[in-house]
Structures are given as structure tokens and as C-alpha cells.
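Okay, structure first, notes after.
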Amino acid sequence: MALSRLLLLFMVASELRDAETKPIEFVCNKGARQAINIVAELESALSECYGSTTLSTPVQLPCNELHVASWENKSDQEKRGDIVASLKLLVESVKVFKAQSQPGCAASLLQRLENNINNYLLILTHLQLSGPAVSPGLSCVPRSTQSLSTVLLNYNQLISGKLERFVINLEDRCNSN
């Protein structure tokens, strides 16, 4: 079991290293995108955290709602800014919780979540987009929860919703690289 997790970690790290070296590879390689999304693994590990699924302080949730018509009218820079703002909101909230909490199962999962969010932020902020730079801005009024499973669900919805739709829209650049 430990060996298989180590192998999985190595595979994700190698995929991520490629994506970090050239963020467009993240766009062009669906396998790399699937490998970096560890939400299912975190949800599985959460099931082993008996009594640790309720957090002692609330965590702010990312803006994961996707209104297709308004989303399609945004520039690539605005879409990235929306996603980056949501990821930053979540990662900062996770950091605040970790600073106030005791080590344990939930804190360990949140550390892994924080690392995963930072990987996405690194890729997104280094992705070359045409057009004027746009400051990241939230597209919703953030909600909060004390449920770790709700945090993971909302994070997964952001990654598999807005982020995936954004990346698929950029896939036309893959043939030109």
C-alpha cells in the first residue's frame, strides 16, 4: 500500500514537473490534469478520519458556480483571474485553520489540499495568455463551512467545472506549440 502511494506520488510529481516547466502542457495533457486532481484521494482519506470531518473553525469556500453565458463572455484573463481568486481565497482560509488547529487527520488532509491548490496556482499564474493582465477577482460572495467534506466537494467542483472548462477552451493552442 505504501509503495503504491509512493509510486502515485512520483507519477503526479513527474506530471506536475512537466506542467510547471511548461504550463501549456497542463492545458494540452488531460492525463496531467487528471493526475494533479487529488480530490478523490483526499475524500478517500477523509473516510478514515473518524470524528475529524467537522472543523473547529469555518473555512471559506471557493466560487465554483458557473453561469455559462456570463462565463463565455469573459476574456481568458478574466476567467483565469476568477479561478485564481477562488483558489487564493480557499488556500488562505486553509492556512488560517491550520495555524489555529492541532495536528491530526483533518490538519494533514488540509496540508495536502493546500499543496494541491498551490500547484494549481503555480500553473495558472505562469500560463501565458494574450491580452491585458487582469487582477484576480471573485465572482461570488464567499460562503463558509465547517465540513471538510463540503470543502473538498466545492474544491472539486471548481477544478472539474470552471478550471476544466477554462482549460478546454485553451486547447486550440496545443497544436501551435
Original post:
Can Leu138 be described as open to solvent by 70 Å² or more (accessible area, probe 1.4 Å) and not hydroxyl-bearing (Ser, Thr, Tyr)?
Top reply: yes
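In the stretch 27-65, how many residues are among the β-branched types (Val, Ile, Thr), closer than 28 Å to Gly137 by Cα and not in a loop (DSSP other than H, G, I, E, B)?
So in the stretch 27-65, the residues among the β-branched types (Val, Ile, Thr) come out as 27, 36, 38-39, 53-54, 57, 59.
This time we only want the ones that are closer than 28 Å to Gly137 by Cα, so: 27, 36, 38-39, 57, 59.
Subsequent filtering for residues that are not in a loop (DSSP other than H, G, I, E, B) retains 27, 36, 39, 57, 59.
Looking only at that region, the number is 5.
When the residues of the stretch 70-105 are narrowed to those that are acidic (Asp, Glu) and open to solvent by 60 Å² or more (accessible area, probe 1.4 Å), which ends up farthest from the chain's Cα centre (by Cα)? Before the answer, list the steps.
Going residue by residue through the stretch 70-105, those that are acidic (Asp, Glu) are 72, 76, 78, 82, 92.
Those left that are additionally open to solvent by 60 Å² or more (accessible area, probe 1.4 Å): 72, 78, 92.
Details: Glu72: 21, Glu78: 17, Glu92: 13 Å.
Top of the filtered list is Glu72.
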**OP:** Only residues in the stretch 159-170 that are under 16 Å from Cys140 (Cβ atoms) count as the first member; pair them with residues that are surrounded by 17 or more Cβ atoms within 10 Å (Cβ to Cβ) and among the hydroxyl-bearing types (Ser, Thr, Tyr), Cβ under 6 angstrom, at least 6 apart or cross-chain, and list the lot.
**Re:** none
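Out of the stretch 66-83, which residues are part of a helix (DSSP H, G or I) and closer than 20 Å to Ile123 by Cβ?
Just the residues of the stretch 66-83 that are part of a helix (DSSP H, G or I), to begin with: 68-72, 76-83.
Result: Trp71, Asp76, Gln77, Glu78, Lys79, Arg80, Gly81, Asp82, Ile83.
Among the residues of the stretch 150-177, which ones are open to solvent by 60 Å² or more (accessible area, probe 1.4 Å) and part of a helix (DSSP H, G or I)? Quick ask: steps written out before the conclusion?
As a first pass, look at the stretch 150-177 and keep what is open to solvent by 60 Å² or more (accessible area, probe 1.4 Å): 153, 157, 160, 165, 168-169, 171-172, 175-177.
Leu153, Gln157, Ser160, Arg165, Ile168, Asn169, Glu171, Asp172, Asn175, Ser176, listed by residue number.
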**OP:** Confirm whether Arg143 is closer than 17 Å to Asn169 by Cα and in contact (Cβ under 8 Å) with a residue 40 or more places away in the chain.
**Re:** no
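The values are calculated or read from the model by the stated rules, or taken from the named source; none is laboratory data. If you're wondering where the values come from, they're calculated on a predicted model, not measured in any experiment. Cβ: placed from backbone, ideal geometry, glycine included. Neighbour counts: every protein chain shown. The accessibility values were calculated without ligands, DNA or RNA, using every heavy atom of the protein model including side chains. Shrake-Rupley method; radii C 1.70, N 1.55, O 1.52, S 1.80 Å.
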